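Participant: This is the structure I want to talk about, given as structure tokens.
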Amino acid sequence: MGKNILILNGSPRLKGNTAILCDAFMKGAESAGHVVTRFDLQKMTIHGCLGCMKGGKDAASPCVQKDDMGKIYPAYTSADVVVLASPMYYWSVSAQLKAAFDRLFAVAECDPNYANPRKECALIMAAEGDSADNWKPVLDYYHALTGFLDWTDKGQVLAGGVMEAGAVASKPVLEEAFRFGASL
């Protein structure tokens with residue numbers, strides 16, 4: 001039986017390297033019978049978290065802010081796997097992805113102990129740099145995040161050396177992204 005996979009694509013370039021990696025991953029996942037829902041966050045109106053601690057009163061619409069996160073919450077709730085996809089921006093994820101991910105806290109507010117739903121997780125990232133030092137800050141954040149959430153890390157697809165939009169199209173990492181999607 002296939003898994004429900006949610007991709008949160010935080011790239012502001014809708015035809016950029018991260019989007020191309022997401023396409024390859026999706027094709028692999030769908031070829032293995034998984035159901036994939038993808039949100040290109042750049043096309044959505046998502047406000048930053050207010051830190052108001054007033055969410056969680058309605059599981060169907062857990063946040064007090066009413067914007068396009070309302071489309072993401074049901075897919076997140078039913079997802080077995082959450083894929084965080086982003087270009088590397090100043091050794092972190094994009095603002096688009098961070099804003100959406102922060103807003104998922106409203107789902108945890110539905111639980112009296114603020115427990116996040118247990119998920120499997122993966123990271124897809126494109127970056128100009130391609131050294132271990134370059135990836136370290138992002139991987140430290142990602143592993144800390146999955147650890148604190150008690151999520152299961154399924155792995156990463158890291159495409160370095162791809163600054164110009166479309167540069168990843170000629171790289172073997174696309175096949176890696178396809179195989180990774182199929183392996184879940």
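The values are calculated or read from the model by the stated rules, or taken from the named source; none is laboratory data. Predicted, not measured: the structure shown is a model, and the values here were computed from it. Reconstructed Cβ throughout: ideal geometry from the backbone, glycine too, with neighbour counts over all protein chains shown. We work out accessible area using only protein heavy atoms, side chains counted, and drop any ligands, DNA or RNA first. Shrake-Rupley method; radii C 1.70, N 1.55, O 1.52, S 1.80 Å.
Participant: Looking only at the range 33-46, count every residue that is out of contact with any helix residue (DSSP H, G or I) (no Cβ under 7 Å at 6 or more places or on another chain) and part of a loop (DSSP other than H, G, I, E, B) and tell me the total.
Facilitator: Total satisfying the criteria: 4.
Participant: Can I ask one more? Looking only at the range 15-23, decide whether some residue is farther than 18 Å from Gly155 by Cβ, open to solvent by 30 Å² or more (accessible area, probe 1.4 Å) and part of a loop (DSSP other than H, G, I, E, B).
Facilitator: yes
Participant: Turning to a different aspect of this structure: Scan the range 112-131 and report the pairs whose first residue is in contact (Cβ under 8 Å) with a residue 24 or more places away in the chain and whose second residue is basic (Lys, Arg) and outside any loop (DSSP other than H, G, I, E, B), with Cβ atoms within less than 7 Å and a gap of 6+ or a chain change.
Facilitator: Partner pairs satisfying both residue conditions: Glu120/Lys154; Cys121/Lys154; Ala122/Lys154.
Participant: What about Thr45, is it over 16 Å from Cys22 (Cα atoms), open to solvent by 40 Å² or more (accessible area, probe 1.4 Å), β-branched (Val, Ile, Thr) and within 15 Å of the chain's Cα centre (by Cα)?
Facilitator: Details: over 16 Å from Cys22 (Cα atoms): yes; open to solvent by 40 Å² or more (accessible area, probe 1.4 Å): yes; β-branched (Val, Ile, Thr): yes; within 15 Å of the chain's Cα centre (by Cα): no.
Considered against the rule, which asks whether it is over 16 Å from Cys22 (Cα atoms), open to solvent by 40 Å² or more (accessible area, probe 1.4 Å), β-branched (Val, Ile, Thr) and within 15 Å of the chain's Cα centre (by Cα), Thr45 comes out as no.
Participant: Separate question: Suppose the filter is open to solvent by less than 40 Å² (accessible area, probe 1.4 Å), of a type in the set (A, V, I, L, M, F, W, C) and within 20 Å of Glu164 (Cα to Cα); does Leu6 pass it? Reasoning before the result, please.
Facilitator: Values: open to solvent by less than 40 Å² (accessible area, probe 1.4 Å): yes; of a type in the set (A, V, I, L, M, F, W, C): yes; within 20 Å of Glu164 (Cα to Cα): no.
It is false that Leu6 is open to solvent by less than 40 Å² (accessible area, probe 1.4 Å), of a type in the set (A, V, I, L, M, F, W, C) and within 20 Å of Glu164 (Cα to Cα).
Participant: List pairs: first in the range 49-66 and in contact (Cβ under 8 Å) with a residue 12 or more places away in the chain, second among the basic types (Lys, Arg) and loosely packed, with under 15 Cβ neighbours inside 10 Å, Cβ under 6 Å, 6+ apart or cross-chain?
Facilitator: Val64/Lys54
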